[in-house]
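Notes follow the structure.
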Amino acid sequence: MKTYQTGVAGKATDTPLSTLQRYLQRNHITLQPCDVPSRGCGENRGYSLRRVLQIAITTELSHLGIGPSRAAKAAFEFSDRGNTGRAVGELYPLGRTLLVGLPRGENKVICIPPDQSISDVLSNDSAAFIIDCNNVVAKVTSKLDKK
């Protein structure tokens, strides 16, 4: 699996390296088996695309005023959990993929089909925040493709 060094991940996600370091030190973002930890002997840490997307969504949510702990947990819902019809860390193949934060700290990833609105899909849920994952994935992958 391809991984990205810290500097590349920071630039691709518009996350200052000091902020990224803080996310890691405070365990908001934790490396998973798909990532490569630094072994302390000159070997760089490697972030999988899933981790880079988690960092990007966490940063987006932080810009909206969501605390980094809540933001990273919500982002993990997209980056490391799948749904029916959606593989882990990927978008739904049709429609828009939205990450929805609910008032009691719950998060879910939903699909808005092309012929429906968000209100049709959310039904009785009252969202605390909504992130369009399609936009985040497009921005990050565009920057990573340039590397």
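The values are calculated or read from the model by the stated rules, or taken from the named source; none is laboratory data. The structure displayed is predicted, hence computed values, not measured ones. Glycine gets a Cβ as well: all are built from the backbone with ideal geometry, and neighbour counts include every protein chain shown.
Points to keep in mind about this one:
- Restricting the stretch 131-147 to residues that are aliphatic (A, V, I, L, M) and touching a residue at least 24 places away in the same chain (Cβ under 8 Å), the residue that is surrounded by the most Cβ atoms within 10 Å (Cβ to Cβ): I131
- Residues within the stretch 69-96 that are in contact with a helix residue (DSSP H, G or I) (Cβ under 7 Å, 6 or more places away or on another chain) and surrounded by 18 or more Cβ atoms within 10 Å (Cβ to Cβ), tallied: 10
- Number of residues in the stretch 97-127 that are surrounded by 13 or more Cβ atoms within 10 Å (Cβ to Cβ), at pLDDT 80 or above and not β-branched (V, I, T) equals 8.
- Residue pairs whose Cβ atoms lie under 9 Å apart, separated by 6 or more positions or on different chains, with the first residue in the stretch 7-25 and modelled with pLDDT under 95 and the second of a type in the set (V, I, T) and surrounded by fewer than 15 Cβ atoms within 10 Å (Cβ to Cβ), are L24/T30.
- Scanning the stretch 36-65 for residues that are under 23 Å from A138 (Cβ atoms) and surrounded by fewer than 21 Cβ atoms within 10 Å (Cβ to Cβ) returns G46, R50, S62, H63, L64.
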